[in-house]
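Everything on this sheet refers to the single structure shown next.
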Ligand SMILES: [Cu+2]
């Protein structure tokens, strides 16, 4: 009798263990299904961020590249023109001067002007209409009095007197200007509009 009672208890315990095991199995299975879903969602969330970001980056680089390619082709076409005049002008180190004080071009001639600045400060090269040196110079002086313009540091006044110009060229760099010489013959001054330079840093483009 005693033994049958023990057997009964054993059976009861075995049943409980099986139930616990089965519960555990269920809960583990559910948990793993949840985890899978979570990781799947995270993966998609990452894709939804990465895909537009990658597309945007590719678009920006594509735009920059196509713009550079456009100007490269345009400049190449310009440089292959018949009768192209190539002029090279350099700023003179520590002298506030250009190394070329005068050059000649034909009216309507394509001109490629390579300006280099080996000096320790910035310079530019601004080609202006005949007889406007003083008025452009005074405009530049006015700009120097404006702290905002000094912060911008460009010193290119808004005036019809300016025909062609480089930007302010930093030390040890250069900029190339490409333009068609004016049709009107005359003496076209070029000046540097860095504060205080225009009165001495100058030259003349003679159009014949
Ligand atoms: Cu200068």
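The values are calculated or read from the model by the stated rules, or taken from the named source; none is laboratory data. Since we're looking at a predicted model, the values are computed, not measured. Counting neighbours? That spans all protein chains shown, and the Cβs are built from the backbone with ideal geometry, glycine included.
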Qualifying residues in segment 114-140 (those that are in contact (Cβ under 8 Å) with a residue 40 or more places away in the chain and away from the ligand (no atom under 16 Å from the Cβ)) - the one nearest to residue 92 (Cα to Cα):
114
Among the residues of segment 148-160, is there at least one that is within 13 Å of the ligand (Cβ to nearest atom) and at positive phi?
yes
Kindly indicate whether any position in segment 90-100 is free of Cβ contacts under 8 Å to residues at least 24 places away in the same chain, in contact with a strand residue (DSSP E or B) (Cβ under 7 Å, 6 or more places away or on another chain) and within 16 Å of the ligand (Cβ to nearest atom).
yes
Scan segment 190-206 residue by residue and report those that are within 14 Å of the ligand (Cβ to nearest atom) and in contact with a strand residue (DSSP E or B) (Cβ under 8 Å, 6 or more places away or on another chain).
190, 191, 192, 193, 194, 197, 198, 200, 201, 202, 203
Do we have any residue at all in segment 166-175 that's at pLDDT 95 or above and more than 16 Å from the ligand (Cβ to nearest atom)?
no
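Conditions tested, residue by residue: (1) closer than 16 Å to residue 177 by Cα; (2) part of a helix (DSSP H, G or I); (3) touching a residue at least 40 places away in the same chain (Cβ under 8 Å).
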position	(1), (2), (3)
55	no, yes, no
66	no, yes, no
70	no, yes, no
73	yes, yes, no
87	yes, no, no
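Conditions tested, residue by residue: (1) surrounded by fewer than 17 Cβ atoms within 10 Å (Cβ to Cβ); (2) within 30 Å of the chain's Cα centre (by Cα).
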position: 157; (1), (2): no, yes
position: 171; (1), (2): yes, yes
position: 180; (1), (2): yes, yes
position: 207; (1), (2): no, no
Here is a check on your reading of the model: is residue 112 over 15 Å from residue 192 (Cβ atoms), within 29 Å of the chain's Cα centre (by Cα) and buried (at least 17 other Cβ atoms within 10 Å of the Cβ)?
yes
